[in-house]
């Protein structure tokens, strides 16, 4: 009986690890016809997300967010034409390597869609 329980516990470990968002994610999307293509390095600790998103060779922004089962949210600030916008990504973890959802830019209330693939 102990072997069966041990086997079941070890068999469930890959399933738990598969939902960990930690890693590098390539994001593709657009807001108001402007493409967004950051590469985000995320670290998940319990239900919290931290890390950074590299916007281009010269710009990298700190990230904060959360995970609740398959729902994922993270955000960072980005300056565009003299205005600082907060980009908030809200999506669903489709698989252990894919997130799809919407991105919102505040204060403009512009929205768009994105997909993110784990590298």
Assuming residue 109 fulfils every condition listed in (1) within 14 Å of residue 30 (Cα to Cα); (2) surrounded by 12 or more Cβ atoms within 10 Å (Cβ to Cβ); (3) without any contact (Cβ under 8 Å) to a residue 24 or more places away in the chain apart from one, which condition is it? (2)
Tally up the residues in segment 54-69 that are over 18 Å from residue 111 (Cβ atoms) and modelled with pLDDT of 95 or more, please. 8
Can you tell me which residues in segment 91-101 are surrounded by fewer than 17 Cβ atoms within 10 Å (Cβ to Cβ) and within 11 Å of the chain's Cα centre (by Cα)? 92, 97, 98, 100
If residue 109 satisfies every condition in (1) at pLDDT below 95; (2) under 12 Å from the mean Cα position of the chain (by Cα) but one, which is the exception? (2)
What are the pairs with Cβ atoms under 9 angstrom where one residue, in segment 71-87, is surrounded by fewer than 11 Cβ atoms within 10 Å (Cβ to Cβ) and the other, located anywhere, is part of a strand (DSSP E or B)? Sequence gap at least six, or different chains. 84/77; 84/78
Filter segment 25-51 for residues that are without any contact (Cβ under 8 Å) to a residue 60 or more places away in the chain and assigned to a loop (DSSP other than H, G, I, E, B); the one that is farthest from residue 119 (Cα to Cα) is 33
Give just the number: which of (1) more than 13 Å from residue 116 (Cβ to Cβ); (2) at pLDDT below 95; (3) surrounded by 11 or more Cβ atoms within 10 Å (Cβ to Cβ) does residue 1 not satisfy? (3)
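The values are calculated or read from the model by the stated rules, or taken from the named source; none is laboratory data. All of these numbers come straight from a predicted model, not from anything done at the bench. So basically every Cβ, Gly included, is an ideal-geometry build from the backbone, and we count neighbours across all protein chains shown.
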